[in-house]
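Throughout, read-outs are computed from the coordinates displayed, never taken from laboratory work. Just so you know, these numbers come straight off a predicted model, no measurement behind them. Counting neighbours? That spans all protein chains shown, and the Cβs are built from the backbone with ideal geometry, glycine included.
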Amino acid sequence: MSIEQGEAIRISNPPESGEQPRSLGAGLTRERVVSILSPLALLLLWEGLVRTRVLDVRFFPAPSQVLGTLVSLNLSGELPQDVLISLSRIAAGFALGAGAGIALGLMMGVSRVIRAAVNPLVGTIYPIPKIAILPLVMLIFGLGEPSKYVIVAIGVFFLVLLNTAAGVMNIEKIYLDVGRNFGARRSDVLLTIALPGALPFIFTGLRLGWGTGLLLIVAAEFISARSGIGYLIWTSWQTFAVEEMYVGLITISALGLISFALFDVLERWLIPWKT
Amino acid sequence: MSASLQKSELQTGERIVGPPRPLLKAKITVRHLRKTFPLGSGTLKALHDIELSIAGGEFCCIVGPSGCGKTTLLRILAGLEEPTAGEVEIEPSGSGRPLNSMVFQEQSVFPWLTVEGNVGYGLRMRRVPRQRRRQIVRSYLAMVGLEGFATAYPYQLSGGMKQRVVVARALANDPEVLLMDEPFVSLDEQTKIVLQGELLRIWESARKTVVFITHSIDEAVLLGDRVVVMTARPGRIKAEVAIPLPRPRSVYELKSSPEYGLLVGQVWSLLRDEVLVKDGARMP
């Protein structure tokens, strides 16, 4: 009787404490393995279907062919150059649009008058697909670089503006009371309460804006550029270089993934109080 | 309506209970204060003809049933709300110090500033140089027992620690009048007793003019030189009770003393009717 009890305790104790994390860890690695395997399996299936001629190679080149093109475009320096030029266009437009969006968004959030003045304008212009404005932008700013910056800036501006204003209006009123009671001036309220308080929302706007920037730069480069990822995709269509087109698509996808990961890092660094 | 009429009306009522307090120069004077808020198509009467005089260096507690407008009164004193009628006067000492600082509730701590940034906020707004600011902040952090937490963010602190930050933020600003809006309301009982004790210790050494809003009769009697009782909405001043308990006070000793119990009972008897009015109920 007493031996049985002693054994029961001995058996139930150590495995319980040891097994729990192990099985959890095993579950995590299993998930990780699955999430790596599933895209690999799809690529393998794709490769197989192309080789057995089930898929039309004119539309769906085999992943191995695309990989080969990716390597050769990199070695020739063509792809890095296109990536750089597209990124610099987005970055310039993004800086313009985000800067203006944050500044005006903060003022909209703080001042009812500015909100009343700006809201109808934003409400009217925001719903227009930004691509529809592209011809007008090209008409005004020409076919060169400025029109690319401007179209990206417009797309980024509205998203950042609306999110910033919403972020400021979401700030608890008690913080504004504290500011007033401690003698904060208008510029103090903007910089020490509105801006930091709205930062989480502002980041949402920046992320959305960056995604829109990617979309708009590709569209702009389709129409009026001699370089950039959009140009790469467009010319590969015109020359029926399907592998190159796929390389362009993969590159954009990679750019998106990497930049959003960088946004996460930046956010953790700029908003250390966010739990 | 004449002022003298108002005064005599109040004096024939239950104005002063307990021994009269010494006549000191009024630091805060509130005359015929009214406040109404627009509510739907009509208005809500929050405060009705408040008359109040608070002496320099006095610790004045204001109690009243919830919704009686005591927080509104404090917000008007803090300049966060405009009176509908009447006037509020805080006599400046001419020292150039800020006239008042509010000890808000715990959730008023800025989450995006460190403890140091929060406590030094008022000084920063007054453009006190960084080095000087740091010195002042450090001394107040030590006073409220938060040394070592200067660079922590509020999410890393407990509720009691955040409330210490709020108290230190107001104290570091060195105002002539300290306005406190139920600062301990969201704290657990033990933390509350500890912080009440610390507030007593700090106040007894600094002797600032304090207006302290609370719904807790215990707290009001424990801390105050005088307890002002407000009526149910629209808030008026129903009575005042002087608290002649000796200082320095100890939370633990006071709570078991008979005088303390008597005073709490006295304030409760004044407040009871107002609470019943508010709840529309009748209790034996």
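A P(r) calculated from all alpha carbon pairs of chain B, with 5 Å bins opening at zero, reads 1, 5, 12, 16, 18, 17, 14, 9, 6, 2, 1, 0, 0 percent.
For chain A, modelled as a GNM whose springs connect Cα atoms under 10 angstrom apart, the maximal fluctuation among A:103, A:261, A:194 occurs at A:261.
The tail of the calculated P(r) for the stretch B:105-174, taken as Cα-Cα distances beyond 21 Å, holds 11 percent of the pairs. Rounded to the nearest 20 debye, the dipole magnitude of the protein assembly as shown is 1380 debye, with +1 charges on Lys and Arg beta carbons, -1 on Asp and Glu beta carbons, and the Cα centre as origin.
The phi-based Karplus calculation (6.51 cos²θ - 1.76 cosθ + 1.60; θ = phi - 60°) puts the 3J(HN,Hα) values of the stretch A:105-113 at x, 4, 5, 4, x, 8, 10, 5, 5 Hz, whole numbers, x for Gly and Pro. For the stretch B:134-284, the share of alpha carbon pairs falling in successive 5 Å distance bins from zero is 2, 8, 17, 19, 19, 15, 10, 6, 4, 1, 0, 0 percent.
The mean number of partner chain beta-carbon atoms within 10 angstrom of a residue's beta-carbon across peptide A:166-179 is 3.
For the stretch A:239-256, backbone phi angles converted through the Karplus equation (6.51, -1.76, 1.60; θ = phi - 60°) give residue-by-residue couplings of 9, 6, 8, 5, 4, 4, 4, 4, 4, x, 5, 4, 4, 4, 4, 5, 4, x Hz, Gly and Pro being listed as x.
Among the listed pairs A:274/B:208; B:45/B:255; A:274/B:162; A:148/A:274, those whose Cα-Cα separation exceeds 28 Å are A:274/B:208; B:45/B:255; A:148/A:274. Taking the Cβ of residue B:207 as the centre, find all other residues whose Cβ is under 11 Å away and add up their charges (Lys, Arg: +1; Asp, Glu: -1). My count for the surroundings of residue B:207 gives -1.
A Gaussian network model of chain A, with springs between Cα atoms under 10 Å, assigns the largest mean-square fluctuation among A:153, A:184, A:98 to A:184. Farthest toward the positive end of the dipole of the stretch B:105-174, out of B:171, B:109, B:135, is the Cα of B:135, where the dipole comes from beta carbon charges about the Cα centre. The trypsin sites (Lys or Arg not before Pro) found in the stretch A:167-239 that occupy coil by DSSP, while having at most 13 further C-beta atoms within 10 Å, are A:185, A:226. For chain B, the relative contact order is 26 percent, taking Cα pairs closer than 8 Å that sit 6 or more residues apart in sequence and dividing their mean separation by the residue count. When the Cα convex hull of the protein assembly as shown is projected onto planes of every orientation, the mean area is 44.4 nm². The charge dipole of chain B, taken about the Cα centre with unit charges on the Cβ atoms of Lys, Arg (+1) and Asp, Glu (-1), comes to about 800 debye, rounded to the nearest 20. Each other residue within a Cβ distance under 9 Å of residue B:160 adds +1 if Lys or Arg and -1 if Asp or Glu, for a net charge of +1. Within the straight-line cut-off of under 12 Å between alpha carbons, the aspartates and glutamates reachable from residue B:35 are B:49, B:81, B:82, B:87, sequence neighbours fewer than 8 places apart in one chain being disregarded.
Once you have the Kirkwood Rh of chain A from its Cα pairs, apply Stokes-Einstein at 25 °C and 0.890 mPa s and quote D in µm²/s. Approximately 107 µm²/s, per Stokes-Einstein. Rounded to the nearest 500, the helix-only mean residue ellipticity at 222 nm of chain A stands at -28500 deg cm²/dmol, with each DSSP H run of n ≥ 4 adding -39,500 (n - 2.57).
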